[in-house]
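A.B. asks: Can you read through this structure? Questions will come right after.
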Amino acid sequence: MSPTRLSLFDLKEGNVLLDAHRIVAPHRENGMSAAFEVEDVESGAPGELQAFPSSLFEGPGQAESFAQSLLGWRDLHSEAVAELRSVQVLDDGAVIAVTAMPEGRMLRDAFGDAGPMPVDAVVALGSSVLDGLESAHGAGLVHGDIKPTTVFVREDGTAQLVDAGVTPGLWAAKHLGTRTALIGTPYYAPLEQFGGDSPDERSDLYNLATVMFELLTGVMPWRGRSYIEVFQSKMQPEAPSMRSVAPDVEIDRDLEAAIARALRGKRMERHASAEDFRAALEAATGA
């Protein structure tokens, strides 16, 4: 893909990029990028433009490699994953990716610190995310960073994933080796990512199970105020019981076991696939 004569300084409200995308307003940030609400100049269709600054990359080769790694998501069509429309590398070495506008509200904003969510709502949301993961994993794709800020929830309770492939794409582009522990979100990342391994399908299941644990109990399964403390907390073979961290919350044992298996420290002890995780949730809830 050829560079364009643009830079991140062009990302201002009202500007039109590539003769196609009009910047409407800032939308969200995820620590590695900033996302803007945009509209298609011809159709007026809303979208989201995500900008990855050149400082993330050590040169144009890495930026190109990262952009190429995202292209596989253009062929994925799932209601549970925001559709990727295009990826471009800019002259200043930044990368922009344009997706459909995420539907609903960011999970973190929608539920905030309201405490535990109803069991049925959590299971429905988790099953919706698994819909997207089944499609992605079947196409050889890994999300890599599922957390309450990369999950949007619609009014009907179904979910849509954003930032798909960003974390594993950076892994591959930067050739980080043991430095890969610097990418990802410590509270939601599985133990293998702390050790420098790129996320895989079972890492996605671990991410999702951590989110579900948090939504059901109102607290995180992993404790710690620093990167090292969180890492040490995760060095147990399995997560703490939900009752031990939230004594007032009653969760069915079978449902807790289904989630706990996805939270195993050793990835080979987790559910083998998104389909297996879904089956365990369905067996536990009688769905």
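The values are calculated or read from the model by the stated rules, or taken from the named source; none is laboratory data. Just so we're clear, the structure is a prediction, and the values are computed from it rather than from any experiment. Cβ coordinates were reconstructed from backbone atoms using ideal geometry, including for glycine residues, and neighbour counts include every protein chain displayed. SASA here: full protein model, heavy atoms, side chains in, ligands and nucleic acids out. Shrake-Rupley method; radii C 1.70, N 1.55, O 1.52, S 1.80 Å.
A.B. asks: Return P(r) of the chain (all Cα-Cα pairs; 5 Å bins starting at 0; whole %; ordered from short to long distances).
C.D. replies: Reading upward from the zero bin: 1, 6, 12, 16, 18, 17, 13, 9, 5, 3, 1, 0.
A.B. asks: Using a simple charge model, +1 on the beta-carbon of Lys and Arg, -1 on the beta-carbon of Asp and Glu, nothing else, what dipole does the chain show about its Cα centre, in debye to the nearest 20? List each step's numbers first, then the result.
C.D. replies: Values: 24 positive and 43 negative charges, 194 e Å.
So the magnitude is around 920 debye.
A.B. asks: List the relative contact order of segment 232-284 as a percent without decimals, with contacts defined as Cα pairs under 8 Å and 6+ residues apart. Can you show the working numbers first?
C.D. replies: Numbers: 39 pairs, mean separation 19.4, N = 53.
Normalised by residue count, the contact order of segment 232-284 is 37 percent.
A.B. asks: According to a simple spin-label model (label point 7 Å from Cα along Cα-to-Cβ), what is the distance in nm between R154 and M32?
C.D. replies: With each label placed 7 Å out from Cα toward Cβ, I get 2.7 nm.
A.B. asks: If you add up the charges near I146, with Lys and Arg at +1 and Asp and Glu at -1, over every other residue whose beta carbon is less than 11 angstrom from its beta carbon, what do you get?
C.D. replies: With Lys, Arg at +1 and Asp, Glu at -1, the net is -2.
A.B. asks: Can you give the relative contact order of segment 20-161 as a percent, counting alpha carbon pairs under 8 Å and 6+ residues apart?
C.D. replies: After rounding, I find 21 percent.
A.B. asks: Separate question: Considering only protein heavy atoms, with the full assembly of protein chains and a 1.4 angstrom probe, order K234, K266, K12 by accessible area, largest first.
C.D. replies: Highest to lowest solvent-accessible surface, that is K266, K12, K234.
A.B. asks: List the aspartates and glutamates whose alpha-carbon lies under 17 Å from that of K266, not counting same-chain residues fewer than 8 positions away?
C.D. replies: Leaving aside aspartates and glutamates fewer than 8 places away in the same chain, those within reach of K266 are E192, D197, D200, E201, D204, E238, D276.
A.B. asks: Something else about it: Find how much the distance from A25 to M268 grows on full extension, using 0.36 nm per residue of separation minus their present alpha carbon separation; answer in nm with one decimal.
C.D. replies: Between A25 and M268, full extension yields an extra 83.2 nm.
A.B. asks: Quick one: accessible surface of M235, probe radius 1.4 Å, all protein chains present, in square angstrom to the nearest 10.
C.D. replies: M235 has an accessible surface of roughly 110 Å² with all protein chains in place.
A.B. asks: Using Cα pairs closer than 8 Å and at least 6 residues apart in sequence, work out the relative contact order for the chain, in percent.
C.D. replies: The normalised contact order for the chain reaches 14 percent.
A.B. asks: Given a Förster distance of 35 angstrom, what is the FRET efficiency for S55 paired with R243, based on the Cβ-Cβ distance and rounded to 0.05?
C.D. replies: Numbers: r = 45 Å, r/R0 = 1.27.
E between S55 and R243, to the nearest 0.05, is 0.20.
A.B. asks: With a sphere of radius 10 Å drawn around the Cβ of S54, what net charge do the other residues whose Cβ falls strictly inside it have (Lys, Arg +1; Asp, Glu -1)?
C.D. replies: Details: positive: none; negative: E58, D91, D92.
Around S54, the charge tally is -3.
A.B. asks: Tally Lys and Arg at +1 and Asp and Glu at -1 over the other residues with C-beta under 11 Å from the C-beta of V119: what net charge comes out?
C.D. replies: -4
A.B. asks: With each label point set 7 Å from Cα along the Cα-Cβ vector, what nm distance links V16 and Q236?
C.D. replies: Taking the two extended label points, one gets 5.8 nm.
A.B. asks: How big is the gap, in Å, between the Cα center of segment 225-267 and the Cα center of segment 205-219?
C.D. replies: Going from one Cα centre to the other spans 9 Å.
A.B. asks: To continue, here is another question. Need one number: nm distance between label points at D252 and E229, each 7 Å from Cα along Cα→Cβ, rounded to one decimal.
C.D. replies: It works out to 3.6 nm between the two label points.
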